[in-house]
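Q: Right, I'll just put the structure down here and ask away after.
Here, each number is a calculation from the coordinates, and none is a lab measurement. Here the structure is a predicted model, which means the values were calculated and not measured. In this analysis, Cβ positions are derived from the backbone assuming ideal geometry, glycine residues included, and neighbour counts consider all displayed protein chains.
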Amino acid sequence: MGILEGNQVLPLIYIIIYITIYNSTTNQIMTDIAKLGEFGLIHRLTDDIKLKNESTVKGVGDDCAVMHYPDKEVLVTTDMLMEGVHFDLTYIDLQHLGYKAAMVNISDIFAMGGTPRQMTVSLALSKRFSVEDMEMFYSGLRMACDKWNIDIVGGDTTSSFTGMAISITCIGEACKDDIIYRNGANDTDLICVSGDLGAAYMGLQLLEREKSVYYQQVNEAKKKNDKKALEELARFQPDFAGKEYLLQRQLKPEARGDIIKKLHEMNIKPTTMMDISDGLSSELMHICSQSQCGCRVYEKNIPIDYQTAVMAEELNMNVTTCALNGGEDYELLFTVPIGDMDKVQQIEDVKLIGHITKKDFGCQLVARDGNEFELKAQGWNPLA
């Protein structure tokens with residue numbers, strides 16, 4: 001059985017350095033990718049893929065995939081993930097990584113009001129990765145694709161000298177009138193978010209803390225040449241009790257296609273929409289910049305889970321700052337006309353957090369005490 005099961009993050013996520021420790025402490029014989037070669041690896045990973053969508057004419061196995069969208073607009077999104085920059089194999093196993101890498105692209109299609117249909121997956125791998133590692137990665141990837149009936153139709157593999165690199169492209173469809181852009185917000189529109197914010201960031205902080213504790217203990221044991229301590233550290237179990245939700249939000253995010261379905265059912269057409277990958281503050285400023293408007297967001301209305309608040313207090317961090325700037329929530333941020341207020345309030349797991357204003361009023365956070373502060377985008381800088 002794999003590490004992922006249903007909607008749960010099982011205790012096996014406690015593994016430290018999945019690739020190295022897991023493989024070195026089991027008797028499992030790992031298969032060198034070079035023994036299969038590129039085409040052998042592709043065949044092993046994709047041979048049993050069954051196509052699900054009518055728009056997929058040809059998938060893996062030819063020079064190109066072939067897709068047919070006679071009456072729909074085509075949506076395309078691409079993300080690249082680099083080991084050591086976007087993910088750390090110290091605390092994410094390959095199955096969760098495959099699932100997350102797929103979901104963050106699927107989320108982009110939903111954020112445009114579309115339906116994801118196809119996906120291509122390209123990997124650059126160093127010699128430390130085995131065939132079994134890639135099977136684990138693909139099992140997570142395919143689990144995410146199966147959840148939303150997405151066809152894996154192609155990709156590429158190559159070697160790397162610096163670890164692992166992942167490039168995923170997701171292709172979706174939407175009727176022309178159903179596509180939701182970032183530039184349609186109007187004065188008095190209501191600002192809505194799905195789910196809760198800041199939990200994924202708190203999960204990351206928790207994992208980083210436990211990683212630091214682990215390596216600190218390892219270094220101390222090495223300095224003292226304490227072999228017994230090193231043996232015990234090989235069975236190191238981080239303290240994640242009561243923090244399972246935070247870990248799930250960081251390691252196994254979910255694209256909110258359910259919210260898109262509910263909006264359609266309620267006949268609500270958002271004027272703008274984005275998924276929250278870089279933090280609420282950053283995404284709001286994108287919407288306001290492209291829609292030529294301002295906004296007022298109320299701190300008291302920002303949805304924050306209890307575990308997120310407890311973890312922020314434990315780390316001596318401001319929980320509102322975490323919710324505004326943490327990122328990786330992959331919840332939906334959208335605006336709707338004020339006339340849809342009654343309908344949108346009926347949707348479970350959607351909160352009204354503010355409203356759109358004229359551009360001259362700027363982007364403002366209204367604190368619990370009534371004071372106003374200018375919103376600033378402090379999301380992650382990939383070029384830093």
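Q: Antiparallel DSSP bridges in the chain: what percent, to the nearest 5?
A: Around 75 percent of the beta bridges assigned by DSSP in the chain are antiparallel ones.
Q: Pick from C170, C288, C64: which is most flexible by mean-square fluctuation in a GNM of the chain where alpha carbon atoms under 10 Å apart are linked?
A: Maximum among the listed residues: C64.
Q: Find which of H286, M266, M30 sits farthest along the positive direction of the dipole of the chain, computed with +1 on the beta-carbon of Lys and Arg, -1 on that of Asp and Glu, about the Cα centre.
A: Of the options given, the answer is M30.
Q: Could you work out how much longer the chain between R209 and Q237 gets when fully extended? Use 0.36 nm per residue separation minus the Cα distance between them, nm to one decimal.
A: 8.8 nm
Q: Let me ask you something else. Put a dot 7 Å past each Cα toward the Cβ at K261 and K343; how far apart are the dots in nm?
A: 1.9
Q: Summing Lys, Arg as +1 and Asp, Glu as -1, what charge do residues with Cβ under 12 Å from the Cβ of V121 carry, V121 excluded?
A: Within the 12 Å Cβ shell, the charges total -2.
Q: For segment 180-384, what is the per residue volume of the convex hull drawn over the alpha-carbon atoms, in cubic angstrom?
A: Taking only Cα atoms, segment 180-384 has a hull volume of 141 Å³ per residue.
Q: Turning to a different aspect of this structure: Which of S55, V131, I179 sits closest to the plus end of the dipole of the chain, meaning its Cα is farthest towards the positive end, when Lys and Arg get +1 and Asp and Glu get -1 on the C-beta?
A: V131
Q: For segment 335-342, just list the computed ³J(HN,Hα) in residue order, Karplus coefficients 6.51, -1.76 and 1.60, θ = phi - 60°, integers in Hz, with x standing in for Gly and Pro.
A: Result, ordered by residue: 10, 9, x, 4, x, 8, 4, 4 Hz.
Q: Can you give the alpha-carbon Rg of the chain over 2.2 N^0.38 Å, where N counts its residues?
A: Normalised Cα radius of gyration, the chain: 1.05.
Q: Which value, in debye to the nearest 20, describes the size of the charge dipole of segment 180-384 about its Cα centre when Lys and Arg Cβ atoms bear +1, Asp and Glu Cβ atoms bear -1, and nothing else is charged?
A: Charge dipole of segment 180-384: 480 debye, to the nearest 20.
Q: Ok, one more. How big is the Kirkwood radius of segment 99-143, worked out from every pair of different alpha carbons and given in Å to one decimal?
A: After inverting the pairwise mean of 1/r, the radius is 12.0 Å.
Q: Something else now. What residues have an amide H closer than 5 Å to that of G279, excluding those fewer than 5 places away on the same chain, when H is modeled at 1.01 Å from N in the peptide plane?
A: For G279, the qualifying residues are G327, E328, D329.
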